[in-house]
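Written out below as structure tokens is the structure these notes cover.
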Amino acid sequence: MVQTAKKAVARPAQEVVVHSGNEIAAVAAKHVNYHIMGYYPITPSTEIAETLDAMKAEGEHDIRMIPGDGEHGAAGICYGATTAGGRVFNATSANGLLFGFEQLPVQSGTRFPMVFNIVTRSVSGPLDIRGDHSDIMLAMNTGWIILMASDVQAVYDMNIMAPKIGEDMAVRLPVMVAYDGFFTSHQKRRVEIFSDPLAVVREFLGPFVPTVTSVDPRKPVTIGPYMNDPDLINNKKQQADAIVRADAVIKKIFAEYAKLSGREYPVVELYRMEDAEAALFILNSAAETAKEAVDALRKQGKKVGLIRPNVIRPFPLAEIREALGKVKGLVVADRQDNYGAYGGAMTLEVKAALQGLKGNSTQVACRIYGIGGKEFFVEDAVAMLKEALEIAKTGEVKVPYDYFGVNPGEKGFEPPKAFDPITREQASGLIRIETSPEGKMDVKGLNMRALTERPKRVSSGHGACPGCGIFVNLNTFLKGIEGFVTVLFHTGCGMVVTTGYPYTSHKITYIHNLFQNGAATLSGVVEMFEERKKRGEIPKDEKITFLMVTGDGGHDIGIGPSLGAAARNSRMIIIEYDNQGYQNTGSQLSFTVPIGQSTSTSNYGPAQKGKATHHKDTAQIFNAAHIPYVFTAAESHPRDMIRKAAKAQKLAEEGLVFGKLISMCPLAWRTEERISVPIIQASVDSCFFPLYEVEHGITTINYDPEEKGKKVPVTEWIKQMGKTKHLLKPDCKDVLDSFQAEVDRRWLRLKEMHKNPLL
């Protein structure tokens with residue numbers, strides 16, 4: 001009998017590149033050619049938007065990149081874009097996912113597909129930016145399909161398959177692609193990609209076919225209606241049926257992609273499970289480490305194996321049941337905990353899958369591991385597999401739920417005190433406020449030499465970059481504040497570099513809350529302080545100045561709560577160190593960045609000339625809230641800053657005070673730290689950052705460079721920084737002219753406000 005040789009399957013050409021998970025996610029997005037990306041930076045997912053923007057500047061793709069004011073806003077941008085009938089992409093991590101959380105069930109419940117990359121990370125608080133699965137597990141019940149990409153190659157492949165899965169007419173649901181922060185997101189690996197994505201990827205996906213759109217006036221629709229009592233359950237049944245149908249669709253598309261690429265993705269990957277009596281269930285990148293442990297124990301004759309799902313929504317029920325058919329002992333390794341449920345999400349899912357299974361003999365133990373990016377080694381996987389073997393041998397789970405790799409520390413240990421608290425006497429008695437009969441305030445005691453004796457509220461020894469303007473500004477400002485201070489920091493460079501556990505640089509009471517809710521948090525502190533004084537629980541003569549410090553773009557994502565505090569006229573001070581970007585995540589575009597300036601998400605290139613819009617004027621935004629006092633200050637004028645600090649403290653007794661301090665970031669501004677003062681002075685002399693105050697609605701310019709004959713064009717400022725030097729090139733003349741015109745307009749308006757107290 002003659003055997004006919006099998007024909008080799010002709011596959012499209014592929015090429016090998018070396019990329020990180022984030023970079024390859026951007027490459028995949030380019031190959032898909034999404035219409036829209038709504039985004040907001042957060043570690044460790046930020047590089048996706050950065051890479052796409054760098055490509056955009058070079059003209060490599062047509063994706064419209066839309067920055068949000070926060071992750072909630074970015075999610076809203078994406079939702080709106082999906083209703084308009086095109087392909088939409090987003091990426092985030094951790095608290096960014098949680099901030100946009102309420103949009104997730106809206107997206108799935110209205111059945112508009114999109115792709116969302118979740119670069120998994122620990123959820124705050126306290127703050128930790130390293131990788132675990134706390135975020136993605138919280139998203140499991142939002143109605144989204146969730147694919148788990150275990151390595152860099154899978155990030156590319158799943159991002160190519162994800163749109164096709166979600167857009168299938170039997171599904172019509174949004175899809176998440178989740179991969180491990182820092183492990184997969186930042187590690188460089190060899191990856192195969194299609195050489196001709198225009199032909200291959202777009203043919204594989206086909207054109208996007210909307211079911212309904214919000215932009216067809218000839219076919220008006222109502223999207224997201226109010227559901228009457230008996231109706232929502234029907235809607236949810238349809239959604240539930242769709243995600244159940246997605247199981248078959250995923251398998252079909254995985255198989256199609258395998259023929260196209262040569263790479264297979266079963267919904268559940270089994271490793272040496274053919275005769276396993278004990279096994280480890282583990283997700284994503286840690287499974288690669290665990291495979292080595294399986295191999296080591298197999299060499300010892302131990303019948304062990306590994307289970308790694310590539311899909312967790314819909315949960316692969318049938319495949320998990322089949323895989324566990326012969327397994328007597330199973331350890332589920334959860335990189336997250338469902339507090340109080342005696343197991344992480346995967347443990348509970350596996351146990352639920354086994355419920356009601358006839359003849360089931362698998363005994364399950366949960367081990368919580370790797371929280372906050374704690375390393376997972378081969379010996380850790382060996383230890384877990386040995387636990388599974390013991391369970392298989394005895395048929396008993398002695399410890400059903402436990403944390404793995406915890407260091408409880410020494411009982412009763414108290415870390416040594418680095419410094420004593422600042423006393424009222426040390427922080428008082430140098431500055432006084434005198435008020436004239438007409439109500440004009442005058443600050444007395446501004447002896448700069450004497451003020452050097454006032455102890456710093458933030459000690460030296462923090463981890464800020466050389467030349468960082470945050471602490472120059474903050475310590476100068478605090479010289480003008482008498483007595484006790486409680487400070488709240490938004491997430492940002494100032495927070496990160498001063499509070500690395502178990503140490504702190506703060507000699508005063510310090511609170512941290514996230515960008516989006518700092519002002520509301522401090523408002524709560526202020527109100528409780530006042531209420532407890534009222535009730536006699538705190539002495540009525542106790543005085544504390546409450547100060548919120550923000551920056552690094554914190555008044556994009558956090559401006560809503562800050563304006564809420566202003567509307568309530570909460571008795572506190574808000575200081576914004578304006579370093580013109582999201583510097584704590586690597587210098588991305590914020591709305592405080594001036595037009596034309598280059599950041600990692602507003603790159604300069606042949607197809608893009610830096611940021612496309614003018615900078616946000618937060619001082620004037622808060623002035624419009626009619627609060628008692630608004631001011632600007634700069635380190636080039638320290639006496640002016642201290643005087644304003646003293647006034648701020650006094651006027652905060654009436655209500656909210658807002659101050660904006662320009663703050664150099666040598667790393668992001670691409671300049672030398674030693675020339676910070678000349679750079680800041682140039683920003684003031686060019687009137688880009690004018691020094692003024694608004695007291696009870698009356699505007700006063702404190703430094704007029706025109707009167708002093710020192711006014712210069714903005715070129716004198718921008719020529720000193722790497723982030724702006726390109727604006728001096730001929731191809732940027734129109735952008736530079738627009739920038740100068742806007743600076744001049746705002747300065748002329750400010751001068752009119754100075755002249756006329758009614759403005």
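Suppose a student asked you for the relative contact order of the chain, using Cα pairs under 8 Å spaced at least 6 residues apart; what percent would you report?
10 percent
Among [x] 58, 39, 24; [y] 64, 26, 22; [z] 52, 32, 24, which one is semi-axes √(5λ) of the Cα gyration tensor in Å computed from these coordinates?
Label of the calculated value: [z].
How much net charge surrounds Thr51 when only the other residues with a Cβ under 14 Å from the Cβ of Thr51 are counted, with Lys and Arg +1 and Asp and Glu -1?
Around Thr51, the surrounding residues sum to -3.
Using square roots of five times the C-alpha gyration tensor eigenvalues, list the equivalent-ellipsoid semi-axes of the range 70-156 in whole Å, biggest first.
For the range 70-156, the ellipsoid semi-axes come out as 21, 16, 11 Å.
Any chance you could run the full-extension gain for Ser428 through Thr715? It's 0.36 nm times the residue separation minus the Cα-Cα distance, nm to one decimal.
99.0 nm
For the pair Glu58/Glu292, report the inter-label distance in nm, with labels modelled 7 Å from Cα in the Cβ direction.
If labels sit at Glu58 and Glu292, their model points lie 3.4 nm apart.
So what's the convex hull volume per residue for the Cα atoms of the range 662-759, in Å³?
Expressed per residue, the convex hull around the Cα atoms of the range 662-759 is 101 Å³.
With +1 on each Lys and Arg Cβ and -1 on each Asp and Glu Cβ, how big is the dipole of the range 268-403 about its Cα centre, in debye rounded to the nearest 20?
Magnitude of the dipole: close to 320 debye.
Please state the charge dipole magnitude for the chain, taken about the Cα centre, from unit charges on C-beta atoms (+1 on K and R, -1 on D and E), reported in debye and rounded to the nearest 20.
180 debye
Debye calculation, C-alpha points only, no solvent: report log10 I(q)/I(0) for the range 454-755 at q = 0.13 Å⁻¹, in the same order as the q values.
-0.89
From the helices alone, meaning DSSP H stretches of at least four residues, give me the mean residue ellipticity at 222 nm for the chain, per-run term -39500 (n - 2.57), in deg cm²/dmol to the nearest 500.
Here the helix-only value at 222 nm equals -10500 deg cm²/dmol.
If we sort 723-730, 539-546, 30-37 on the protection proxy, mean other Cβ atoms within 10 Å, highest first, what's the order?
Descending packing order for the listed peptides: 30-37, 723-730, 539-546.
Ranked by Cβ crowding within 10 angstrom, fewest neighbours first, how are Thr585, Thr120 ordered?
Ascending number of Cβ neighbours within 10 Å: Thr585, Thr120.
Output the 0 to 90 degree angle, nearest 10, between the alpha-carbon long axis of helix 152-167 and the longest principal axis computed from the alpha carbons of the chain.
80 degrees
From the phi of every residue in the range 672-684, what ³J(HN,Hα) in whole Hz does the Karplus formula 6.51 cos²θ - 1.76 cosθ + 1.60 yield, where θ is phi - 60° and glycine or proline is x?
Result, ordered by residue: 8, 5, 5, 10, 4, 5, x, 5, 5, 4, 5, 5, 6 Hz.
Could you pull the Cα extents of the range 11-160 along its three principal axes, largest to smallest, in whole Å?
Computed over the range 11-160, the largest-to-smallest principal extents equal 43, 34, 30 Å.
What ranking of Thr92, Thr618, Thr211, Thr110 emerges when the number of other C-beta atoms within 10 Å of each C-beta is taken as an exposure proxy, fewest first?
Thr211, Thr110, Thr618, Thr92
Treating the angle as unsigned and between 0 and 90°, give the value, to the nearest 10°, between the Cα long axis of helix 232-261 and the longest Cα principal axis of the chain.
70 degrees
Test of understanding: what is the full-extension gain from Arg674 to Asn141, defined as 0.36 nm times their sequence separation minus their Cα-Cα distance?
Contour length minus the Cα-Cα distance gives 186.7 nm.
Sort Tyr156, Tyr503 so that the residue with the fewest other Cβ atoms within 10 Å of its own Cβ comes first and the one with the most comes last.
Exposure proxy ranking, most exposed first: Tyr503, Tyr156.
Give me the number: length gained by fully extending Lys251 to Tyr503, i.e. 0.36 nm times residue separation minus the C-alpha to C-alpha distance, one decimal in nm.
Difference between extended and current length: 85.7 nm.
Give the angle, between 0 and 90 degrees and rounded to the nearest 10, that separates the Cα long axis of helix 378-394 from the longest principal axis of the Cα atoms of the chain.
50 degrees
Bear in mind these aren't lab numbers, they're just calculated from the coordinates by the rules spelled out. Not measured: the values here are computed from a predicted model. As a convention, Cβ positions derive from the backbone with ideal geometry for all residues, glycine included, and neighbour counts pool all protein chains shown.
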